[in-house]
Amino acid sequence: MDHGFGIIGTGDIAAVHARAIASVVNAHLAGVTDIAGDKALAFGKQFSCKVFDSVSALVNSPEIEIVCICTPSGTHLEPALEVIKAGKHCIVEKPLEVTMRRCKAIISAAKKKDVVVAGIFPMRFLDINREVRKAVDAGRFGKLVLGDVYVKWFRSQSYYEQVKWRGDLKTSGGGALMNQAIHSVDLLRWMMGDVAEVNAFSTTLGHSGLDVEDTAIANLRFKNGALGVIEASTAVFPGSYKRMEILGTRGSVVIEEEKIVKWEFTYETEHDREIRLLFSGENIEGGGVSDPKAINDTGHIRQISDMIEAIETGRPPAIDAEEATKAVEIIEAIYESARNGKTVSLKGKIQSLKNK
């Protein structure tokens, strides 16, 4: 069966979605819409798809079954509700939304209409990160001790000035954490388990005229007792590859982008040697370090394929709306801690969301 996709919003990430859809054998891009009609027309011409003059026209088209929402971060809710109301399935770019309240509205609407909603977190679909998760699930780290992620990137002043929503709190939901490091926040929670509490600082050091942070640091305590750190910035020139460290009593793994820096366990296997050989080369992709367009399409391709399989088989997608909300909960708690200077507990928030 061939699945028709629509895209709402034609910012930089929409092109990644379009290329990913084109790479999936049983999918095609059927249409696009944007509040800026000229951009929609240019996008439609570039990717050879129909241009719709409104969200309503797109979501009610019989050609379209699944809609990718690629609007600014804090404007995902409204188009998502239109998609869901029309009975169409929905893939929402990160973050699902910028507050738990707005995430909850998407989840509630999807349950009522019995449609599938997925949140985009492509790093979970990369081979090296899947290998780390397998090692976690197999208990190879022993007792988890530390889980840390570092996203030290560079974005110029013009990056924020040319696209105003990026520096506006209402439309962006936040800065370096909500719109850049959220991928690593999600990955860290996926590896280490739920976060119990956070203590954080955030500030704006390298840019002017922003309502959002360009630098933040948070200390974490996970529910399993392990500790961790999140560091995020878009102010450090020239920027570095993102880094993840998962450390336990019987093993340590350090990953930079898709490259292994350390992969050591108390009990070695032949597969460990294979993994080190496979993932110890140089990073070829830019990874978004200083150019937001320099990202790999692989994760999006695999996540779109996963969405199609979920719809065809009736299973939930790998990252459904509730799963996508967990990173937003962590970041919302970090922002709260940074504002009031206190440790913030996350206990019970996700559970109460699921029960409503």
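Annotations for the structure displayed:
- The condition of being under 21 Å from E231 (Cβ atoms) and among the basic types (K, R) holds for only one of K143, K170, K152, that being K152.
- Qualifying residue in segment 141-157 (condition: assigned by TED's automatic domain parsing to the domain that holds V195, assigned to a helix (DSSP H, G or I) and either surrounded by fewer than 20 Cβ atoms within 10 Å (Cβ to Cβ) or in contact with a Pro (Cβ under 9 Å, 6 or more places away or on another chain) (or both)): yes
- Among the candidates K356, K293, the residue that is over 18 Å from M178 (Cβ atoms), touching a Lys or Arg at 6+ places or on another chain (Cβ under 8 Å) and at pLDDT below 95 is uniquely K356.
A quick yes/no check of all residues on (1) out of contact with any Cys (no Cβ under 6 Å at 6 or more places or on another chain); (2) closer than 25 Å to A310 by Cβ; (3) in the same structural domain as V117 (by TED's automatic domain parsing); (4) surrounded by fewer than 15 Cβ atoms within 10 Å (Cβ to Cβ):
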position	(1), (2), (3), (4)
I7	no, yes, yes, no
T10	yes, no, yes, no
A15	yes, yes, yes, no
A18	yes, yes, yes, no
G31	no, yes, yes, no
S48	yes, no, yes, yes
V59	yes, yes, yes, no
E65	yes, yes, yes, no
I69	yes, yes, yes, no
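- Residues of segment 162-192 satisfying the condition of being surrounded by fewer than 22 Cβ atoms within 10 Å (Cβ to Cβ) and among the acidic types (D, E): D168
- Of all the numbered requirements in (1) in contact (Cβ under 8 Å) with a residue 12 or more places away in the chain; (2) outside any loop (DSSP other than H, G, I, E, B); (3) over 24 Å from the mean Cα position of the chain (by Cα), Y267 misses one, and that requirement is (2).
- Within the option set K259, K326, being surrounded by fewer than 20 Cβ atoms within 10 Å (Cβ to Cβ) and over 22 Å from D12 (Cα atoms) holds for one residue only, K259.
- In this structure, S61 does not qualify as free of Cβ contacts under 8 Å to residues at least 40 places away in the same chain and either outside any loop (DSSP other than H, G, I, E, B) or small (G, A, S) (or both).
So that you can scan it fast, the table gives a plain yes or no per residue for (1) over 17 Å from F154 (Cβ atoms); (2) free of Cβ contacts under 8 Å to residues at least 60 places away in the same chain; (3) aromatic (F, W, Y); (4) touching a strand residue (DSSP E or B) at 6+ places or on another chain (Cβ under 7 Å):
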| position | (1), (2), (3), (4) |
| --- | --- |
| V185 | yes, no, no, yes |
| V195 | yes, no, no, yes |
| A200 | yes, no, no, yes |
| G209 | yes, yes, no, no |
| T215 | no, yes, no, yes |
| N224 | yes, no, no, yes |
| L227 | yes, no, no, yes |
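- Cβ-Cβ distances below 7 Å connect the following pairs, each with a first residue in segment 4-28 that is closer than 18 Å to E93 by Cα, a second residue that is assigned to a strand (DSSP E or B) and of a type in the set (S, T, Y), and a separation of six or more residues or different chains: I8/T33.
- Test for C103: is it within 16 Å of the chain's Cα centre (by Cα), modelled with pLDDT of 95 or more and outside any helix (DSSP H, G or I): no
- For segment 238-256, the tally of residues that are buried (at least 17 other Cβ atoms within 10 Å of the Cβ) and either at pLDDT below 95 or not in a strand (DSSP E or B) (or both) stands at 4.
- Once segment 165-188 is narrowed to residues that are outside any helix (DSSP H, G or I) and touching a Leu at 6+ places or on another chain (Cβ under 9 Å), the residue that is nearest to E257 (Cα to Cα) is G175.
The values are calculated or read from the model by the stated rules, or taken from the named source; none is laboratory data. Quick caveat, the model's predicted, so the values are computed rather than measured. Every residue, glycine as well, gets a Cβ built from its backbone with ideal geometry; the counts of neighbours run over all protein chains shown.
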